[in-house]
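Structure first, then comments.
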Protein chains: 10
Amino acid sequence: MLFHVRMNVSLPTAMPADQAAKLKADEKALAQQLQNEGKWRHLWRIAGQYANISIFDVASVDELHALLTALPLFPYMQIEVMPLCRHPSSVRDNDL
Amino acid sequence: MLFHVRMNVSLPTAMPADQAAKLKADEKALAQQLQNEGKWRHLWRIAGQYANISIFDVASVDELHALLTALPLFPYMQIEVMPLCRHPSSVRDNDL
Amino acid sequence: MLFHVRMNVSLPTAMPADQAAKLKADEKALAQQLQNEGKWRHLWRIAGQYANISIFDVASVDELHALLTALPLFPYMQIEVMPLCRHPSSVRDNDL
Amino acid sequence: MLFHVRMNVSLPTAMPADQAAKLKADEKALAQQLQNEGKWRHLWRIAGQYANISIFDVASVDELHALLTALPLFPYMQIEVMPLCRHPSSVRDNDL
Amino acid sequence: MLFHVRMNVSLPTAMPADQAAKLKADEKALAQQLQNEGKWRHLWRIAGQYANISIFDVASVDELHALLTALPLFPYMQIEVMPLCRHPSSVRDNDL
Amino acid sequence: MLFHVRMNVSLPTAMPADQAAKLKADEKALAQQLQNEGKWRHLWRIAGQYANISIFDVASVDELHALLTALPLFPYMQIEVMPLCRHPSSVRDNDL
Amino acid sequence: MLFHVRMNVSLPTAMPADQAAKLKADEKALAQQLQNEGKWRHLWRIAGQYANISIFDVASVDELHALLTALPLFPYMQIEVMPLCRHPSSVRDNDL
Amino acid sequence: MLFHVRMNVSLPTAMPADQAAKLKADEKALAQQLQNEGKWRHLWRIAGQYANISIFDVASVDELHALLTALPLFPYMQIEVMPLCRHPSSVRDNDL
Amino acid sequence: MLFHVRMNVSLPTAMPADQAAKLKADEKALAQQLQNEGKWRHLWRIAGQYANISIFDVASVDELHALLTALPLFPYMQIEVMPLCRHPSSVRDNDL
Amino acid sequence: MLFHVRMNVSLPTAMPADQAAKLKADEKALAQQLQNEGKWRHLWRIAGQYANISIFDVASVDELHALLTALPLFPYMQIEVMPLCRHPSSVRDNDL
């Protein structure tokens, strides 16, 4: 199942640079692993913002929640989830 | 370039059924043509709503606007556009 | 999987009484059938409003969307869907 | 009487880990006790958020307020309460 | 129990004057009856608006909902309900 | 004249307990004095929130403002004021 | 006492021109009478909108409400009222 | 030209009292000077809030911006500006 | 002086095609005249919407209001005006 | 392609004056360089706010995002981007 997820990141401006760098590196590593596993189907940056639009493909809502809350940046993100389903006019079979 | 588009459709409840059916059929035909041409990259239904999330891949903002305003349902839609760009953590080269 | 659904109903005040009565009767019949099948787990009225809070238990987002859009009052409703998952402090096994 | 309660939790990111762990453990213990007593009827996590949807079954608004303000996480929560009542299409007698 | 209710009235400007007058007279009669019965404790007009703030004193949420939906103007009102409880600094025993 | 006032209190979580206790005690004392003087006609807690709904009966807007800004918790409150007037359907002479 | 009033006017586009002209003429006549009486202290147009910002000087909230609801355009206006009081830095004695 | 300005002040609760007092005194002095010069035409307190409604009479938008950003409290204020113009029903020649 | 203006157009879907075409042609003619006169400095379409962002260069707020309300589409537009001024980092002398 | 960008700046009031001055000087230098290169077409201050409206002319969304996130004040800004396209009534060829 596909879920549309918007993540807005807000790191405290007072956070030490190395702590922020470590968080971002860990976030990137996990994001890429989940993409390679096919669970994080799409990941786009919203222009001008420290925010992304993502499409997750998971077996259940519980799996989605587990993935999102395990992200290193989770404590610094505001997340909104919107369930998607197949559109009757879609021509792509594997796009849900 | 990729653009994130949300379309909310609101047909007047008094619209005759055949007019609505004609509009939807025309919309579907054009949507599928644009998907086959690669300009309308993704098309998903938002669960529980007469609304969709779409990803367009166009050469310019003008092309995007021309495509959207040519949709048969355009007069009945509220549309929001958000420009997307490549995310540094994305692993897919062709996903922008 | 559980989904939290809020439905706000808005019938045109000019709708003939018998048409409204027919719509509501059909809605009630289907709502009760879905409750008996276990797909519509909870259905509560929001005090003072022609609106409800519902909990659906479905196998997929597609099933949820199919159920909601088949409701006789769907053209007259504004619907918001929020995916739920098991809370770590919940004591009820069958409550997701 | 049933009340629909949404709780959004926001712990300061600077809170020491053991203080946060203690708060969460106390919160969980009380939440489970109230569930076992039948006053906290349902407790679900909202996917992707440190937030929950709860259904309380209490004898009065005063009892509801006393329960909510006694929660260890209360100072860190934003809470919205919505009174519910029996829906005429509900088939479950004990669901209000 | 006390509930804070805000009612915003919106009559169609095209409604015939006698129909509007009849609705308002019926509304007033019922509102006064409920006040005399002690269920509608306070009723104030919001300055500059066709809207009111009311305090209801009822035995249950179901009773509140039944009272509100029985109002002749209910189909033309937007209603918001907020449960109230005794304030620890209140000096009036009978004010909840 | 009556004014509908909503006060949302937000004490910093880092405020020392005795400072908070002192503020609340002073607030309570003044609130009760104003109630006894008839200027603070009603005071209710909003369920689940550190907030109240109040009805003030004052001779002027200036008096209202002076009373509100003199409250010990004023620096920690967000306040919204709405002027009320007599409702034509009210049966209570002394309720404005 | 002074009240800050914002009035947004929304005439149905289908209203006959002479009916609209009559309404506006009546509105203007009453507005000018109230200004000459000193009750409507200021009246400004918001640039680009069919809306105004007004300052009323009245003896009570009831008087304000009576004045506003007697305006010929009242059924077509959305009105917001905000009570004002003397500012400690004001140098004008007669400006409240 | 007249501009409608709303200023919401928010001083940090941790600001030392003498620093706050100095800021307010400087603000008051400048506000009174600008009133005496005729540039700050009206200044009213919004009841119950640390906020004001002001009417400025300036020769240009640049002058308005220069005046506002020179206020000692500017770094602690949220400001909204709305251009006003003469209302066709106004009876006062010098009120724009 | 420069003003930032956003115009959202909403023509009734039931408006006859020739009436809409006439309105749009008149609007275009006037818009082009004002651009040629230098009063309407910029005019851009917002992608995906029947809306525009415009920059007006006028001698006063009254002139701006007169221009906007004279637009043939004015009765069908929602307009928001925001005064602009020279930015200290701007390198263009004639851009205000 | 043109993009409409609104930037709201919010520097912590506790930031040392020299750090703020350095940030602003660097921001100004880069802003002027980008204007001279033709990528930052317009830059206006919003009256009364520490905010600007800008028009960027870039070859792609990626270029826009790179420019915005490289601004020294980026960590302290809230940015909203809106894609623009040529308006059919525009008379200026080089204005998109």
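Across region B:25-33, not a single residue is classified as farther than 30 Å from C:Y76 by Cβ and of a type in the set (D, E).
E:F56 satisfies every condition listed in (1) more than 7 Å from every other protein chain (Cβ to nearest Cβ); (2) under 28 Å from G:I79 (Cα atoms); (3) part of a loop (DSSP other than H, G, I, E, B) except (3).
Within region H:3-41, the set of residues being out of contact with any Phe, Trp or Tyr (no Cβ under 8 Å at 6 or more places or on another chain) and polar (S, T, N, Q) comprises H:Q19, H:Q32, H:Q33, H:Q35, H:N36. When the residues of region A:6-15 are narrowed to those that are at pLDDT 95 or above and either open to solvent by 40 Å² or more (accessible area, probe 1.4 Å) or within 11 Å of chain B (Cβ to nearest Cβ) (or both), which ends up nearest to B:M82 (Cα to Cα)? Among those residues, the one meeting the criterion is A:R6.
When you check D:E37 against the structure, is it open to solvent by 40 Å² or more (accessible area, probe 1.4 Å) and within 11 Å of chain C (Cβ to nearest Cβ), yes or no?
Values: open to solvent by 40 Å² or more (accessible area, probe 1.4 Å): yes; within 11 Å of chain C (Cβ to nearest Cβ): yes.
Yes, satisfied.
Whether any residue in region A:87-96 is open to solvent by 40 Å² or more (accessible area, probe 1.4 Å) and at pLDDT 95 or above is what I want to check. No; the residues of region A:87-96 include none that is open to solvent by 40 Å² or more (accessible area, probe 1.4 Å) and at pLDDT 95 or above. Of the residues that make up region H:4-21, is at least one in a strand (DSSP E or B) and free of Cβ contacts under 8 Å to residues at least 60 places away in the same chain? No, region H:4-21 has no match at all.
Taking the criterion of being free of Cβ contacts under 8 Å to residues at least 40 places away in the same chain and either part of a strand (DSSP E or B) or facing chain G (nearest Cβ under 10 Å) (or both), the residues of region H:59-94 that qualify are H:R86, H:H87, H:P88, H:S89, H:S90, H:V91, H:R92.
Yes or no: region A:22-34 includes at least one residue that is without any contact (Cβ under 8 Å) to a residue 40 or more places away in the chain, open to solvent by less than 30 Å² (accessible area, probe 1.4 Å) and within 12 Å of chain B (Cβ to nearest Cβ).
Applying the first criterion (without any contact (Cβ under 8 Å) to a residue 40 or more places away in the chain) to region A:22-34 yields A:22, A:25, A:28-29, A:32-34.
Checking the rest, the ones that are also open to solvent by less than 30 Å² (accessible area, probe 1.4 Å) come to A:34.
Add one more test, that the residue is within 12 Å of chain B (Cβ to nearest Cβ), and what stays is A:34.
Yes.
Count, please, the residues in region I:66-86 that happen to be open to solvent by 50 Å² or more (accessible area, probe 1.4 Å), within 19 Å of H:R86 (Cα to Cα) and not polar (S, T, N, Q). Please lay out each step first, then the result.
Initial filter on region I:66-86 (open to solvent by 50 Å² or more (accessible area, probe 1.4 Å)): I:66, I:69-70, I:75, I:78, I:80, I:86.
After this cut, where a residue has to be within 19 Å of H:R86 (Cα to Cα) as well, the list is I:66, I:69-70, I:80.
Next cut, not polar (S, T, N, Q) only: I:66, I:70, I:80.
So the count comes out to 3.
Of all residues in region H:34-53, those that are in a helix (DSSP H, G or I) and either closer than 22 Å to F:P75 by Cα or at pLDDT below 95 (or both) total 0. Residue count for region H:40-65, restricted to those that are of a type outside the set (G, A, S) and open to solvent by 20 Å² or more (accessible area, probe 1.4 Å): 8. For region C:36-58, a residue qualifies if it is within 21 Å of C:K22 (Cβ to Cβ), over 10 Å from the mean Cα position of the chain (by Cα) and in contact (Cβ under 8 Å) with a residue 12 or more places away in the chain, and exactly one does: C:Y50. For J:K39, indicate whether it is touching a strand residue (DSSP E or B) at 6+ places or on another chain (Cβ under 7 Å) and more than 22 Å from I:M82 (Cβ to Cβ). So J:K39 passes the test.
The values are calculated or read from the model by the stated rules, or taken from the named source; none is laboratory data. Just so it is clear, the model here is predicted, and its values are computed rather than measured. Glycine also receives a Cβ, built like all others from the backbone with ideal geometry; neighbour counts cover every protein chain displayed. Keep in mind that these areas ignore ligands, DNA and RNA; they rest on the heavy atoms of the full protein, side chains included. Shrake-Rupley method; radii C 1.70, N 1.55, O 1.52, S 1.80 Å.
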